[in-house]
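> Got a structure for you, written out below as structure tokens; questions coming shortly.
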Amino acid sequence: MLKEIEQVQATADLLYSGQQVEAAIERIAEQINTALAGRNPLVLCVMNGGIIVAGKLISRLTIPLTIDAINASRYQNQTSGSSIKWLLKPSTPIKNRTVLIVDDILDEGITLAAIRDYCLDQGAASVYSAVLADKILGHEKPATADFIGLEVENRYVFGYGMDYKGYLRNAPGIYACKETT
């Protein structure tokens, strides 16, 4: 597996440098600070992909907030998704809260839609979402993000939380694989 990961990393195309990604996170933070001022949001980090983005974003938010995590996965360290598997639900009560879902990428939108619906079913007053990357698919998705850092082409991407088979989340930029995998 390590040889495959090294090959993918060595041949990938850089889409956005670390500096470009950090600037996008800063821009999202400014938008959230304005939009959610006075709302006391509960920030839900979507594990595992959202951990890097959430960590970098939360440190830039100047509004009062609380933090929790949620893990609803379609990929389970694979390169294609299946049905939603709930691995972790937040322990913080959601009822009557403004919820901000933070994730790495909005791909097909199925996971984000499921998490949004879960929050609404739990009585959230409102639900917002922030993603580092929005994949351009050319068709409507069941969920859209309120705060988007960057757009990426319809290729398999990794870095800044996005993974390739569970690896490369820590890549210092956003990269696209040479081939669809």
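The values are calculated or read from the model by the stated rules, or taken from the named source; none is laboratory data. The shown structure was predicted, so the numbers you read here are calculated from the model rather than taken from an experiment. Virtual Cβ from ideal backbone geometry, glycine too; neighbours counted across all protein chains shown. Areas reflect the complete protein model, heavy atoms only, side chains present, ligands, DNA and RNA absent. Shrake-Rupley method; radii C 1.70, N 1.55, O 1.52, S 1.80 Å.
> Is one or more of the residues making up the range 38-45 among the charged types (D, E, K, R), modelled with pLDDT under 95 and surrounded by 16 or more Cβ atoms within 10 Å (Cβ to Cβ)?
No, every residue in the range 38-45 fails to be among the charged types (D, E, K, R), modelled with pLDDT under 95 and surrounded by 16 or more Cβ atoms within 10 Å (Cβ to Cβ).
> Which of the residues belonging to the range 138-157 are closer than 22 Å to Leu61 by Cβ and either out of contact with any helix residue (DSSP H, G or I) (no Cβ under 9 Å at 6 or more places or on another chain) or assigned to a strand (DSSP E or B) (or both)?
Phe147, Ile148, Gly149, Leu150
> Continuing with the same structure: Does the range 10-26 include one or more residues that are touching a residue at least 60 places away in the same chain (Cβ under 8 Å), within 21 Å of Val152 (Cβ to Cβ), in contact with a Phe, Trp or Tyr (Cβ under 9 Å, 6 or more places away or on another chain) and of a type in the set (S, T, N, Q)?
no
> Every residue in the range 35-48 that is among the polar types (S, T, N, Q) and under 13 Å from the mean Cα position of the chain (by Cα), please.
Taking the range 35-48 first, the residues among the polar types (S, T, N, Q) are 40, 48.
Correct list: Asn48 only.
> Follow-up question, since we're still on this one. Return the total of residues in the range 1-34 being open to solvent by less than 50 Å² (accessible area, probe 1.4 Å), among the hydrophobic types (A, V, I, L, M, F, W, C) and under 20 Å from the mean Cα position of the chain (by Cα).
Total satisfying the criteria: 7.
> Please work out which one of (1) open to solvent by 70 Å² or more (accessible area, probe 1.4 Å); (2) in a strand (DSSP E or B) is the condition Ala133 fails and give its number.
Single failed check for Ala133: (1).
> Does Leu57 satisfy the condition of being in contact with a strand residue (DSSP E or B) (Cβ under 9 Å, 6 or more places away or on another chain), closer than 23 Å to Ala176 by Cβ, at pLDDT 95 or above and open to solvent by 40 Å² or more (accessible area, probe 1.4 Å)?
When the stated conditions are applied, Leu57 does not pass them.
> Can we say Ile148 is surrounded by fewer than 19 Cβ atoms within 10 Å (Cβ to Cβ) and within 16 Å of the chain's Cα centre (by Cα)?
yes
> Here is a follow-up. Here are some residues: Ile51, Ile105, Ile101, Ile70. Which one is more than 21 Å from Glu151 (Cα to Cα), under 12 Å from the mean Cα position of the chain (by Cα), at pLDDT 95 or above and not in a loop (DSSP other than H, G, I, E, B)?
After applying the criteria, what remains is Ile70.
> Evaluate the following for Thr34: is it closer than 23 Å to Met162 by Cα, among the polar types (S, T, N, Q) and part of a helix (DSSP H, G or I)?
Taking the combined requirement at face value, the residue does not satisfy it.
> So which residues in the range 84-130 are open to solvent by less than 10 Å² (accessible area, probe 1.4 Å), touching an Asp or Glu at 6+ places or on another chain (Cβ under 8 Å) and not hydrophobic (A, V, I, L, M, F, W, C)?
Ser129
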